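So the structure is just underneath, and the comments pick up after that.
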Amino acid sequence: MTSPYEGLLEHVQLHLGPVTCAQQPDALGYHRGFAIGLHRHPEQEMVSAATTGVRFQEVEAELPEEFVCSARPGQETEATYLVHTIADQVVRSGKGHNSGDGYRGEKPWIPETRISSLVFGVHPHLPDRFGTFRNPEGQVVLQFITLIPLTDPEFLFALDKGYPELVEVWSDRETDLLDLHRSSAV
């Protein structure tokens, strides 16, 4: 019997690029239940931190989940921190996230940035097919939840006007969502 995740690495590398380095599950001195791979996109100026292993944990979710956060080259540490924080919270709580959910922190998550919130969604720079992985029989067996970092004013704007309106503002202002050190678009 084949694994339902046969071909998953190829799927991830097709969309995010090859793995350039990885953090093992015990990188922090304890077994957190997942590893984090860092990927470098071959065509876009984009690096991504992606979990592997969350899908094997006991997490209540629509589908087994893995998490990804993409950033500008040089911001790998920040993207890894965000992915680790959310994946660790999911594994510890046993509750997954759905696309469209959000999370607001009380202060910036990363020093010297304005990023204090996240929305969980589809990857803004990749085809929609990246967000789901199908087994060899064609059934969807895994979802990738992309962490899209927001400033607090952006989070409040989305809460008030709706996420589609925020996406429109980002588009109008040509906001670089990969820049984790960016200013707020609102």
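The values are calculated or read from the model by the stated rules, or taken from the named source; none is laboratory data. All values derive from a computational prediction rather than experimental measurement. Cβ coordinates were reconstructed from backbone atoms using ideal geometry, including for glycine residues, and neighbour counts include every protein chain displayed. These area figures cover heavy atoms from the full protein model, side chains too; ligands, DNA and RNA do not enter into them. Shrake-Rupley method; radii C 1.70, N 1.55, O 1.52, S 1.80 Å.
Quick one: count up the residues across the stretch 9-37 that are open to solvent by 30 Å² or more (accessible area, probe 1.4 Å) and aromatic (F, W, Y).
1
Taking only pairs six or more apart or across chains, which ones have beta-carbon atoms under 8 Å, a first residue in the stretch 160-175 that is under 17 Å from L147 (Cα atoms) and hydrophobic (A, V, I, L, M, F, W, C), and a second residue that is open to solvent by 80 Å² or more (accessible area, probe 1.4 Å) and part of a loop (DSSP other than H, G, I, E, B)?
The qualifying pairs do not exist here.
Before we move on, is R104 open to solvent by 60 Å² or more (accessible area, probe 1.4 Å), over 20 Å from P4 (Cα atoms) and touching a helix residue (DSSP H, G or I) at 6+ places or on another chain (Cβ under 7 Å)? Lay out the reasoning, then the answer.
Details: open to solvent by 60 Å² or more (accessible area, probe 1.4 Å): yes; over 20 Å from P4 (Cα atoms): yes; touching a helix residue (DSSP H, G or I) at 6+ places or on another chain (Cβ under 7 Å): yes.
In short, yes.
Would you check which residues across the stretch 102-124 are under 13 Å from the mean Cα position of the chain (by Cα) and either more than 21 Å from T52 (Cα to Cα) or small (G, A, S) (or both) and list them? Break it down into steps so the answer makes sense when it comes.
Step one: filter the stretch 102-124 for residues under 13 Å from the mean Cα position of the chain (by Cα), giving 102-103, 117-124.
Selection gives G102, Y103, S117, G121.
Check whether at least one residue in the stretch 160-182 is touching a strand residue (DSSP E or B) at 6+ places or on another chain (Cβ under 9 Å), open to solvent by less than 40 Å² (accessible area, probe 1.4 Å) and basic (K, R), and report yes or no.
Looking through the stretch 160-182, at least one residue is touching a strand residue (DSSP E or B) at 6+ places or on another chain (Cβ under 9 Å), open to solvent by less than 40 Å² (accessible area, probe 1.4 Å) and basic (K, R).
Could you pull out every one of the strands (runs of 3 or more DSSP E) wholly within the stretch 62-136 that has 1 or more residues that are of a type in the set (A, V, I, L, M, F, W, C) and either modelled with pLDDT under 90 or closer than 22 Å to V19 by Cβ (or both)?
Working: elements: 65-71, 102-104, 115-121, 132-134.
By residue number, 65-71, 132-134.
If S116 meets every condition in (1) in contact with a Pro (Cβ under 6 Å, 6 or more places away or on another chain); (2) touching a residue at least 40 places away in the same chain (Cβ under 8 Å) apart from one, which number is that one?
Here S116 clears every test but (2).
List the residue pairs whose Cβ atoms are under 7 Å apart, where the first residue sits in the stretch 69-95 and is open to solvent by less than 30 Å² (accessible area, probe 1.4 Å), the second is at pLDDT 95 or above and of a type in the set (F, W, Y), and the two are 6 or more positions apart or on different chains.
Within 7 Å, the pairs are V83/F67; I86/F67; A87/F34; A87/F67.
Scan the stretch 138-155 and give yes if some residue there is under 17 Å from the mean Cα position of the chain (by Cα) and among the small types (G, A, S), otherwise no.
no
Can you tell me which of (1) modelled with pLDDT under 95; (2) out of contact with any strand residue (DSSP E or B) (no Cβ under 6 Å at 6 or more places or on another chain); (3) of a type in the set (A, V, I, L, M, F, W, C); (4) buried (at least 18 other Cβ atoms within 10 Å of the Cβ) is the one F155 doesn't meet?
F155 satisfies every listed condition except (2).
How many residues does the stretch 38-52 contain that are open to solvent by 10 Å² or more (accessible area, probe 1.4 Å), of a type outside the set (S, T, Y) and under 13 Å from H84 (Cβ atoms)?
1
Collect the residues in the stretch 1-57 that are of a type in the set (D, E, K, R) and in contact (Cβ under 8 Å) with a residue 40 or more places away in the chain, keeping them in residue-number order.
We begin by selecting, within the stretch 1-57, every residue of a type in the set (D, E, K, R); these are 6, 10, 26, 32, 40, 43, 45, 55.
The answer is E6, R32, E45, R55.
Taking the options H39, H31, name whichever one is within 20 Å of L9 (Cα to Cα) and out of contact with any His (no Cβ under 7 Å at 6 or more places or on another chain). Show your work before the answer.
Values: H31 fails: within 20 Å of L9 (Cα to Cα).
When all the criteria are applied, what remains is H39.
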